[in-house]
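Let me begin by presenting the structure, written as structure tokens, before commenting on it.
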Amino acid sequence: MKTGIKFYNSVFAICIALSLSLCGQVKDETEKTGKAETRQESGSQKKDSKDSKDSKDSKDTKDTKDTKNSKDSKDTKDSKNSKDSKNSKNTKNTKDAKDSKNSKDAKDAKDSKDEKDSKDTKDETPVKVPRVSNSVLVAGDILLEADLLDFIDDFGKAYPVEKLRPVLSGYDIVFANLETPIGTHGKEAKDKPYVFMVNQDYAEPIKRLSLNVVSIANNHIMDYGKEGLDSTIDWLKENKIKYTGAGDNLNEARKPVIINQKGIDFVFLAYNERPPESFYAKKDSPGTTYADIKLITEDIKKYKTKANIVMVSLHWGIEQTLYPQRYQIELAHQIIDAGADCVIGHHPHWIQGIEIYKKKPVFYSLGNLLNGFYNKVEQDNFVAVLRYKGLKLRRIEILPMAGKNSMTDFQPYLLTGDNADEHLKLIKKISDRFSTHFVIKNNTGYIYIIDDEPNNIETRGRGQKP
């Protein structure tokens with residue numbers, strides 16, 4: 001039994017040894033396998049690390065490339081954007097400049113429109129004008145010379161105007177053309193067939209005519225140069241007679257006379273169209289205002305308002321003719337179109353027709369008021385009275401005047417009876433070419449502007465206020 005136990009113990013021991021041996025081998029194998037796996041894993045990790053590094057390097061390279069490309073792309077894009085931005089800015093600037101210009105043009109246009117609207121508004125603003133009656137008498141040439149002076153010596157200074165003075169009295173404004181320089185000194189103009197000047201004593205009759213204003217724009221006022229002009233102006237100022245149409249320079253010559261009568265301004269402008277040209281005022285030299293339509297228009301535009309009456313005197317035309325030249329008719333129409341209310345003609349020393357153009361009168365020539373010569377061809381004359389109500393011309397009265405010195409002995413007077421009617425018929429005849437509606441009644445001619453029939457206006461004595 002003991003032997004069997006021993007045997008079993010021996011077998012058990014052997015089994016245990018074998019088991020332990022197998023366990024060791026398994027352990028070795030396991031450790032070996034583990035180490036191999038560890039090595040393999042480590043290698044794999046190294047490989048993975050390398051691959052990772054390569055991948056990272058590749059990725060970094062790619063990223064670097066991409067970054068570079070991205071940067072290049074960004075730079076290109078930025079450059080493009082910068083260029084686009086610059087172009088955009090330039091475009092914007094151009095647009096802004098254009099917009100600014102358009103804005104400025106729009107503003108200017110708006111300002112211009114506003115100014116025009118303002119002007120239109122101003123023009124449309126009603127003007128309150130006194131509804132008062134005014135009378136303006138316009139007369140012809142005053143030429144104190146030659147034979148007339150002998151009559152003054154013989155019969156006194158009042159002689160020439162004794163019969164004329166009552167005709168011119170009783171009117172609000174009296175206007176005529178003074179063609180004789182007044183003075184004693186001056187340089188006589190050369191190469192002129194006639195030169196005139198009277199001293200202050202012989203000018204005395206003019207003071208008695210109740211003249212308010214005279215034109216000195218004519219072809220004789222400079223017969224004795226600046227000295228003669230200056231002495232004439234001094235005499236007129238001394239006797240409180242206003243003047244227009246000549247002066248120390250062109251600006252002075254263009255100055256109007258403005259007479260306020262019962263709240264309404266009457267503006268008188270005067271121009272000379274007759275030679276010599278040396279008599280025309282320049283910027284820095286004395287003389288008369290030349291009858292240039294540009295100057296006349298400028299002056300009318302400067303002084304004309306909605307509340308005044310502008311009268312333009314012209315020294316023009318051909319002497320001793322009954323009809324105006326075509327250019328005179330055109331010039332008169334231009335002057336009325338520019339805004340004048342009346343055109344008053346002098347120089348021919350004969351009467352010429354009367355035209356009503358756009359309800360404004362044109363007296364192409366009034367003839368003489370005082371003429372110093374005996375002359376077989378001289379004619380009778382007329383003065384015209386313009387009757388205004390406020391700014392509206394109601395009618396014109398034509399007063400026929402005796403002017404043939406061989407008959408009057410240098411004392412002009414108002415014609416009456418058949419002599420008056422015959423002369424008025426002549427005035428009507430030479431006015432027919434202008435289709436002027438001319439009515440003769442009580443030795444007076446009437447031209448009605450507002451009322452068509454003379455019966456609508458009460459007929460009053462000549463030379464009397466309405």
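This table checks each residue for (1) among the aromatic types (Phe, Trp, Tyr); (2) surrounded by fewer than 17 Cβ atoms within 10 Å (Cβ to Cβ); (3) within 28 Å of Asp248 (Cα to Cα).
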site: Thr321; (1), (2), (3): no, yes, no
site: Pro348; (1), (2), (3): no, no, yes
site: Ile356; (1), (2), (3): no, no, no
site: Ala384; (1), (2), (3): no, no, no
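Scan region 191-221 for residues that are under 40 Å from the mean Cα position of the chain (by Cα) and either in a strand (DSSP E or B) or among the charged types (D, E, K, R) (or both) and jot them down. Passing the criteria: Lys192, Lys207, Val213, Val214, Ser215. Picking from residues in region 194-216 that are surrounded by fewer than 20 Cβ atoms within 10 Å (Cβ to Cβ) and closer than 16 Å to Asp172 by Cα, the one that is modelled with the lowest pLDDT is Ser210. If the condition is being buried (at least 18 other Cβ atoms within 10 Å of the Cβ) and closer than 15 Å to Ser365 by Cβ, then region 407-440 contributes His423, Ile427, Ile430, Ser431, Thr436. Listed by position, the helices (runs of 4 or more DSSP H) contained in region 249-353 that have at least 2 residues being acidic (Asp, Glu) and modelled with pLDDT of 95 or more are 293-303, 326-337. Of the residues making up region 222-238, those that are in a helix (DSSP H, G or I) and not aliphatic (A, V, I, L, M) are Gly225, Lys226, Glu227, Gly228, Asp230, Ser231, Thr232, Asp234, Trp235, Lys237, Glu238.
Pairing residues of region 161-188 that are in the same structural domain as Ala270 (by TED's automatic domain parsing) and over 20 Å from Ile309 (Cβ atoms) with residues that are surrounded by fewer than 24 Cβ atoms within 10 Å (Cβ to Cβ) and charged (D, E, K, R), at Cβ distances under 6 Å and at least 6 apart in sequence or on separate chains, gives Val161/Arg208; Arg165/Arg208; Pro181/Asp223; His185/Glu227; Gly186/Glu227.
The values are calculated or read from the model by the stated rules, or taken from the named source; none is laboratory data. Keep in mind the model is a prediction, meaning the values are calculated, not measured. Positions of Cβ are generated from backbone atoms using ideal geometry, with glycine treated the same way; all protein chains shown enter the neighbour counts.
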